[in-house]
Amino acid sequence: MGWGLGGRWGVVAWGAACLLAWTGCGSAGVEVSGKVKLDGAPLDEATITFLPTVGAQREAGWTMVQGGSYLIPAASQLGTGQFRVEIRALRSGGSDKAASTDPTLIAAKEIVPSKYNSKSELVVEIKPGKNVVDFELQTK
């Protein structure tokens, strides 16, 4: 009896190929963690977003910054390559005129300079495995 691709070994090879595709070929994934400071103090109640600079990369990843620390786990499916980073932290207050005409809106202001979010100059390279990326932000 022949053991070509149509035989038992073909079924085994096909099953192994499916398993590797399903598990990502044994990939451990990408994890990104680090510290974020604003003017030397740990940033709290903020968000950090990693946006791919190349369209073919996987989806963007984001998480909360609490007590100056953040973690994007491997399960988030963040890809590798170059990413633009945006860090945002809104605080109540400010003088938003729209909020004064609509009582359901809460006036808030961004405490992180735009060069770290909407006009971010932060770019990092994410590699397979665990990545530690710290940020020292300055308001002046």
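Please treat every number below as a calculation from the coordinates, not as lab data. Remember, predicted model here, so these are calculated numbers, not experimental data. We place every Cβ from the backbone using ideal geometry, glycine too, and count neighbours over all the protein chains shown.
Near the amide H of Glu31, within less than 5 Å, lie the amide hydrogens of Gly129, Lys130, Asn131, all on another chain or at least 5 residues away, with H placed in the peptide plane. In summary, the lysines within cross-link reach of Lys109, defined as a Cα separation below 29 angstrom excluding same-chain residues under 8 places away, comprise Lys35, Lys37, Lys97, Lys119, Lys140. The mean sequence distance of close C-alpha pairs (under 8 Å, at least 6 residues apart), as a share of the length of the range 28-137, puts its relative contact order at 36 percent.
Positive contributions from Lys and Arg (+1) and negative ones from Asp and Glu (-1), summed over other residues with Cβ under 14 Å from the Cβ of Leu43, come out at -3.
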